[in-house]
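This report refers to the structure that appears directly beneath it.
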Amino acid sequence: MPQSAELFLETAGPLSVYLSQRAEPAIAWPQLDSDTDADVVVIGGGFTGLSCALSLAESGVRTVLLEAREIGWGASGRAWGQVAAAAKFMPAQIEKDFPPEIAARINRAAETAPDVVFNLVKKHDIRCDAVRSGNLIAAHNPAKEQWVRTTAQDLQRRGYPVRLLDAAETQQFTGSQRYRSALLDERGGALNPLGYARGLARAAGQAGVETYTQSPFTSLQKSGSGWRVATPHGSVTAGQVVFATGAFTGDLLGQQTQREIIPVRAYQAVSQPLAPELLSQILPGGQPLNDTRRMFSGVRIWPDGRLHVGLDGPLFRHHADGWLSGATQRLQMMFPQLTTLNWAYHWAGWVDMTVDHYPRLHRLAPGVLAAYGFSGRGVAIGTLMGRDLAALARGEEEDRLVHPLTDVRPLWFHAVHRPLVSSLTARYRLEDRLNDARYGREPSSLHP
């Protein structure tokens, strides 16, 4: 059934106290309470909207940014924080899914995406615990060992700084005997996502962006050659409108766009600081770790020694919490030395998924742009998409974009997507449990 953007905003839950404490302080942006004008109005204060607004302002475009709650309120301020040098899929798969020219653009951009993010952090002195130590992808069963090996070889052939780790090296980098093979991509890293969002907002403000929070979009009407965007207490008239509202798009743009994405609930948890002897064993090099299982597998260590993990949990239930006990069991399987694991913080939010896990970039009408559907890769890809939106708003040619402009394609099964996705997820959970039961205890059993 159709659901409103307001419902998703209300049920996102509070931002993480932990991420907020470790970020630069939030600026007290004003609420829009009058009528104003601009060249471009950007709706949404996450990575994509902030990147777009910053890029526009730096090129001299008068820009207003509207955020319904506070900066980073959506998925951007609640993310796991990995900065990956890849889209959701590896280059070889992208070359199968797109025409050669577009695939080449996406792969070139993904390769340098961490450079873009970490350069922004450095340029604007953003306080966000940025660490660029690489990313790890570990194989959780024999079939995925072959996938990791093939992927590493393909990336090395392309000249990327990627290493295939053998069993001893994998144990050294991960601290776990659960895995016998892993890929180390030296281009990636991690950061505090809420800190990154707040820093981008500060940089955008310094560049001239007029930023308003607690100013939700209520309507869009044609106004002369441009558009009038209304909020509860004011309005912005602009020649170009950019929607960067992610999972909170809801009914803002009509049923067609609403039926193109599937908002799902995602969960995070952070532990109490680990003992020094554990920190010397678990992810000692500071690389975030994902494995090849179906469901959430991300694990990272923060600079203060806390363990951060992505949680499984109810996909569609509003106000739900993640399953901490399941995360504890999985981590103790991976790291038996974690005899006691105490959770200090946990939070949730909504992520905008697409059926193929590729983001969408649309021109909904002359002067109206929208982007969404980052499927959990918003830190780097969302930053790049913001630059694409800014380029389109400035009137640049489409062949200079990273992502292709496409028509809106509503999912034919969207009306029943919840039971379908829930059934598929139940299958994935079962696959993960069976793999853990077979391969998760004895490392030697990974090699029949």
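The values are calculated or read from the model by the stated rules, or taken from the named source; none is laboratory data. Note that the structure is predicted; figures quoted are calculated from it, not measured. Neighbour counts run over all protein chains shown; Cβ positions are idealised from the backbone, glycine included.
Condition check ((1) part of a loop (DSSP other than H, G, I, E, B); (2) in contact with a helix residue (DSSP H, G or I) (Cβ under 7 Å, 6 or more places away or on another chain); (3) in contact (Cβ under 8 Å) with a residue 40 or more places away in the chain) across all residues:
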{"residue": "Val236", "(1), (2), (3)": "no, no, yes"}
{"residue": "Thr257", "(1), (2), (3)": "no, no, yes"}
{"residue": "Arg265", "(1), (2), (3)": "no, no, yes"}
{"residue": "Val270", "(1), (2), (3)": "no, yes, yes"}
{"residue": "Leu278", "(1), (2), (3)": "no, no, yes"}
{"residue": "Pro284", "(1), (2), (3)": "yes, no, yes"}
{"residue": "Met295", "(1), (2), (3)": "yes, yes, yes"}
{"residue": "Gly310", "(1), (2), (3)": "no, no, yes"}
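The range 168-226 holds strands (runs of 3 or more DSSP E) entirely within its bounds, and those carrying 1 or more residues that are within 26 Å of the chain's Cα centre (by Cα) and under 16 Å from Ala28 (Cα atoms) map to 210-212.
Considered as a group, the residues in the range 297-307 that are part of a loop (DSSP other than H, G, I, E, B) and more than 16 Å from the chain's Cα centre (by Cα) include one that is farthest from Trp343 (Cα to Cα), and that residue is Pro303.
Being assigned by TED's automatic domain parsing to the domain that holds Asn119, crowded, with 20+ Cβ neighbours inside 10 Å and modelled with pLDDT of 95 or more is the requirement here; does Gly367 meet it? No, not satisfied. Among the residues of the range 368-384, the one identified as touching a His at 6+ places or on another chain (Cβ under 6 Å) and more than 19 Å from Leu220 (Cβ to Cβ) is Ser375.
Tell me, which residue of the range 393-408 that is of a type outside the set (Asp, Glu), more than 22 Å from the chain's Cα centre (by Cα) and surrounded by 12 or more Cβ atoms within 10 Å (Cβ to Cβ) is farthest from Thr249 (Cα to Cα)? Here the answer is Arg394. Annotation: Asp115 fulfils all but one of (1) touching an Asp or Glu at 6+ places or on another chain (Cβ under 6 Å); (2) at pLDDT 95 or above; the unmet one is (1).
Every residue, every condition in (1) within 30 Å of Ala415 (Cα to Cα); (2) not hydroxyl-bearing (Ser, Thr, Tyr), yes or no:
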{"position": "Arg187", "(1), (2)": "no, yes"}
{"position": "Ser219", "(1), (2)": "yes, no"}
{"position": "Ala244", "(1), (2)": "yes, yes"}
{"position": "Ile262", "(1), (2)": "yes, yes"}
{"position": "Ala269", "(1), (2)": "no, yes"}
{"position": "Leu274", "(1), (2)": "no, yes"}
{"position": "Leu289", "(1), (2)": "no, yes"}
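Filtering the range 248-291 to residues that are crowded, with 20+ Cβ neighbours inside 10 Å, of a type in the set (Gly, Ala, Ser) and at pLDDT 80 or above leaves Ala266, Ala269, Ser271. So, of the residues in the range 312-363 that are of a type in the set (Asp, Glu), part of a loop (DSSP other than H, G, I, E, B) and touching a strand residue (DSSP E or B) at 6+ places or on another chain (Cβ under 9 Å), which turns out to be surrounded by the fewest Cβ atoms within 10 Å (Cβ to Cβ)? That would be Asp321.
Restricting Arg180, Arg157, Arg198 to residues that are in the same structural domain as Asp436 (by TED's automatic domain parsing) and either buried (at least 18 other Cβ atoms within 10 Å of the Cβ) or in contact (Cβ under 8 Å) with a residue 12 or more places away in the chain (or both) narrows the list to Arg180. The range 28-142 holds helices (runs of 4 or more DSSP H) entirely within its bounds, and those carrying 3 or more residues that are surrounded by 20 or more Cβ atoms within 10 Å (Cβ to Cβ) and not assigned by TED's automatic domain parsing to the domain that holds Gly440 map to 47-58, 100-123.
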